[in-house]
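**Student:** Before we start, here is the structure in question, set down as structure tokens.
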Amino acid sequence: MKKALITGITGQDGSYLAELLLSKGYEVHGLIRRASSFNTERLEPIYKDPHRTDTRLFLHHGDLANSVAVFTLIAKIEPDEIYNLGAQSHVRVSFDIPEYTGDVTGVGTARILEAMRHAAPKARFYQASSSEMFGLVRETPQRETTPFYPRSPYGAAKVYSHWMTVNYRESYGIHASNGILFNHESPRRGETFVTRKITRAAARIKAGLQEKLYLGNLDAKRDWGYAPEYVEAMWLMLQQEKPDDYVIATGETHSIREFLDLSFGHAGLEWKKYVEIDPHYYRPTEVDLLIGDASKAKKKLGWAPKTKFSELVRIMTEADIALLTHELSGKNIRQ
């Protein structure tokens, strides 16, 4: 039985990846930060699965800022695959806490790679790189060879992680791959991210529980895909004979304004009546246009996106309306 370690397992991608690996017969270990409240809601579908008869999911407390804890855990588990999804992942917040973002999102990756080099050199490593590394884009669409120009502390930290992954691959022969994932969303997206903020607000406004939605730059354009499909690409990268770097994207770009149109439309609302611009949500430096070319992933991994933009917005909006309906009826469920 293969063993996998996932950092950031309680996040959107981590929870979907855990489900995928369990379905493939893996023993899955997850690194979670100690908190005063439960933060494992996204893993509930695994625990509540009626077909799950054995226990192959194990959670371990730790922190990517603690090199001793990282080394000890990797040495103890001896994983076959390591997926580094842990990070301070909110771009706007990274401007407020740049040092912490650099430590966890950037140096945290180096801590894992160094621990692997000594304790699990045969393991395969996946690094969650980001389209935010392209920032002030040098070419459109962006591909694996496009130069990076990060426009946030988050983007800069991800560039460091990306190149450290390449460095350990070339210096020590570690099977280490970077997945340069463009924006990918789902009903499990954090509520502070703009897509989920929009779909949640549409549901709450429809129910009469919210009057206004405050947003920043509505003209920013992103390449949005569906998270469950993107975690499959992560797994595929580690099944290849040779490690490499891959852009994972849909090849389409849409504005936040378009997302608003579709989401509020599904809720039967006119968004212009409820949305107001708040300068607080503007970034000091903006990334205006991201669109990825995933042709390499299609050719080498056999991966291609299936869920279109309009379908993604529908899935998220309907999920938030259903979630709110159940909450209001006294039931607390999560898709």
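The values are calculated or read from the model by the stated rules, or taken from the named source; none is laboratory data. The model shown is predicted, which means the values in this text are computed figures rather than measured ones. Here the Cβ positions follow ideal geometry from the backbone for every residue, glycine too, while neighbour counts run over all protein chains shown. Surface accessibility is based on the protein's heavy atoms, side chains included, excluding ligands, DNA and RNA. Shrake-Rupley method; radii C 1.70, N 1.55, O 1.52, S 1.80 Å.
**Student:** Hey, what do the phi angles of the stretch 274-282 turn into as Karplus ³J(HN,Hα) couplings, whole Hz, using 6.51/-1.76/1.60 and θ = phi - 60°, x for Gly and Pro?
**Tutor:** 10, 9, 10, 8, 10, x, 4, 8, 6
**Student:** In terms of modelled amide H atoms, which long-range or inter-chain residues lie less than 5 Å from the amide H of His175?
**Tutor:** Amide H neighbours of His175: Phe125.
**Student:** Any of Lys3/Lys242; Lys76/Lys158; Lys122/Lys242; Lys2/Lys306; Lys48/Lys122; Lys24/Lys122 with alpha carbons more than 22 Å apart? Name them for me.
**Tutor:** Correct reply: Lys76/Lys158; Lys2/Lys306; Lys48/Lys122.
**Student:** Might you tell me the accessible area per residue for the chain, computed with a 1.4 Å probe and given in Å²?
**Tutor:** Per-residue value: 45 Å².
**Student:** A follow-up question, please. Would you mind estimating how fast the chain diffuses translationally, via Stokes-Einstein at 20 °C and 1.002 mPa s with the Kirkwood radius over Cα pairs, in µm²/s?
**Tutor:** 105 µm²/s
**Student:** Let me ask something else about it. Hey, what did the chain get for relative contact order, percent, Cα under 8 Å, at least 6 apart?
**Tutor:** About 17 percent, as a whole number.
**Student:** Right, something else. So how strong a dipole does the stretch 42-135 carry about its Cα centre when Lys and Arg Cβ are +1 and Asp and Glu Cβ are -1, to the nearest 20 debye?
**Tutor:** Magnitude of the dipole: close to 260 debye.
**Student:** Let me ask something else about it. What residues qualify as long-range amide H neighbours of Leu57, i.e. H under 5 Å apart, gap of 5 or more or another chain, H built at 1.01 Å from N?
**Tutor:** When sequence neighbours closer than 5 places are left aside, the close amide H contacts are Val28.
**Student:** Can you tell me the FRET efficiency between Tyr214 and Asp288 if r is taken as the Cβ-Cβ distance and R0 is 22 Å, rounded to the nearest 0.05?
**Tutor:** Efficiency, from the Cβ-Cβ distance: 0.60.
**Student:** A follow-up question, please. Would you mind counting up the charge near Val231? Only other residues with Cβ under 14 Å from its Cβ, with Lys and Arg at +1 and Asp and Glu at -1.
**Tutor:** Spelling it out: positives minus negatives among the neighbours equals -1.
**Student:** Also, I was wondering about something else. Nearest 10 degrees is fine. How inclined is helix 227-238 to the longest principal axis of the chain, computing both from alpha carbons?
**Tutor:** With both axes taken from Cα atoms, the answer is about 20 degrees.
**Student:** Please list, in order along the stretch 14-24, the HN-Hα scalar couplings obtained from phi with the Karplus expression 6.51 cos²θ - 1.76 cosθ + 1.60 (θ = phi - 60°), rounded to whole Hz, x for Gly and Pro.
**Tutor:** Running phi through 6.51 cos²θ - 1.76 cosθ + 1.60 with θ = phi - 60° gives x, 5, 5, 5, 4, 4, 4, 5, 4, 5, 9 Hz.
**Student:** How many nm is it between the label spots at Val68 and Thr40, if each spot is 7 Å from the Cα in line with the beta carbon?
**Tutor:** 2.5 nm
**Student:** For the chain, give the magnitude of the charge dipole about the Cα centre (Cβ charges: +1 Lys/Arg, -1 Asp/Glu; no others), in debye to the nearest 20.
**Tutor:** Using only the charged Cβ atoms, the result is roughly 400 debye.
**Student:** Please express the Cα-Cα pair-distance distribution P(r) of the stretch 1-160 as a list of whole percents, one per 5 Å bin, running from 0 to the bin with the greatest distance.
**Tutor:** 2, 9, 17, 19, 19, 16, 11, 6, 2, 0, 0
**Student:** Packing-wise, with mean Cβ within 10 Å as the measure, how do 107-118, 65-76 rank, highest first?
**Tutor:** Descending packing order for the listed peptides: 107-118, 65-76.
**Student:** Any idea what angle helix 108-119 forms with the longest principal axis of the chain, computed on alpha-carbon atoms, 0 to 90 degrees, nearest 10?
**Tutor:** Once rounded, the angle reads 30 degrees.
**Student:** Ignoring ligands, DNA and RNA, what percent of the accessible area of the chain is carbon or sulfur (1.4 Å)?
**Tutor:** Here it works out to 50 percent.
**Student:** Near the amide H of Leu290, under 5 Å away, which other amide H atoms are found, from residues 5 or more places off or on another chain, if H is placed in the peptide plane?
**Tutor:** Sorted by chain and number, the residues that satisfy this are Lys221, Arg222, Asp223.
**Student:** Along the charge dipole of the chain, pointing to its positive end and built from +1/-1 on Cβ of Lys, Arg, Asp and Glu, which listed residue (Leu215, Tyr282, Ala110) has its Cα farthest out?
**Tutor:** Result: Ala110, furthest along the dipole toward the positive end.
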